[in-house]
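This report concerns only the one structure given below.
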Amino acid sequence: MSSIRWASAAVEDLSDIAMYIAEDSPSAATTFVERVDGAVQQLTKQPRSGRIVPELEHQSINRYREVILAPWRLFYRYDRGVVFVLAIIDGRRDIQDTLLRRLTRSGSRGE
C-alpha cells in the first residue's frame, strides 16, 4: 500500500473548496471532503488508477495523473510508493496554464 503526502497548496485547495460549499450547505461540504478522502484512500491501493492529465500529456508531460470528482479534478503524482496530492481545481475552468505553473513548481520541490 502506498503512502500519501499532501502539498500545502492541495490542502489549501481542499479547505477553500469546502468552505465555499459550506456557505450554501454544510452537509454538502462534508460530503465533498469525504469524496476526496475516499478517492485518495483508493489511490493508496491503486496509485496508477487515475488518468494522465490530458492538458499536460499533449506537451509530453506524463508524470501527473488525475481523479475526476466532478466538477473538481484532483491532481497527483506517484513516485516510489508515495502518492503526492498536488492540487484540487474546478474542472469547469480552462486550467492548462494553472496546471503547468502549479504542478511543475510542486513537482520540482518533490511535494
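The values are calculated or read from the model by the stated rules, or taken from the named source; none is laboratory data. Worth saying up front: this structure is predicted, and the values here are computed from it rather than measured. In this analysis, Cβ positions are derived from the backbone assuming ideal geometry, glycine residues included, and neighbour counts consider all displayed protein chains.
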Quiz item: Given the structure, is residue 24 over 11 Å from residue 85 (Cα atoms) and under 14 Å from the mean Cα position of the chain (by Cα)?
Solution: no
Quiz item: Quick check, is residue 84 touching a Ser or Thr at 6+ places or on another chain (Cβ under 9 Å), at pLDDT 95 or above and surrounded by 16 or more Cβ atoms within 10 Å (Cβ to Cβ)?
Solution: yes
Quiz item: Which number in (1) in a helix (DSSP H, G or I); (2) under 21 Å from residue 102 (Cα atoms) marks the one condition that residue 28 misses?
Solution: (2)
Quiz item: Which residues, counting only those in segment 63-77, are touching a strand residue (DSSP E or B) at 6+ places or on another chain (Cβ under 7 Å) and touching a residue at least 24 places away in the same chain (Cβ under 8 Å)?
Solution: 63, 64, 67, 72, 74, 75, 76, 77
Quiz item: Got at least one residue in segment 11-19 being surrounded by 12 or more Cβ atoms within 10 Å (Cβ to Cβ) and more than 16 Å from residue 87 (Cβ to Cβ)?
Solution: no
Quiz item: Can you find a residue in segment 51-71 that is closer than 13 Å to residue 4 by Cα and of a type in the set (D, E, K, R)?
Solution: no
Quiz item: So which residues in segment 78-97 are in contact with a strand residue (DSSP E or B) (Cβ under 6 Å, 6 or more places away or on another chain), in contact (Cβ under 8 Å) with a residue 60 or more places away in the chain and either small (Gly, Ala, Ser) or outside any strand (DSSP E or B) (or both), if there are any at all?
Solution: 87
Practice problem: Pairs only if they're at least six apart or on different chains, beta carbon under 6 angstrom, first in segment 3-22 and touching a residue at least 40 places away in the same chain (Cβ under 8 Å), second surrounded by 13 or more Cβ atoms within 10 Å (Cβ to Cβ) and charged (D, E, K, R); list them, first residue then second. | Solution: 7/111
Exercise. Being assigned to a helix (DSSP H, G or I), more than 27 Å from residue 94 (Cβ to Cβ) and either more than 13 Å from the chain's Cα centre (by Cα) or not small (Gly, Ala, Ser) (or both) is the filter here, so list the residues in segment 32-55 that pass it.
Key: 34, 37, 41, 42, 44, 45
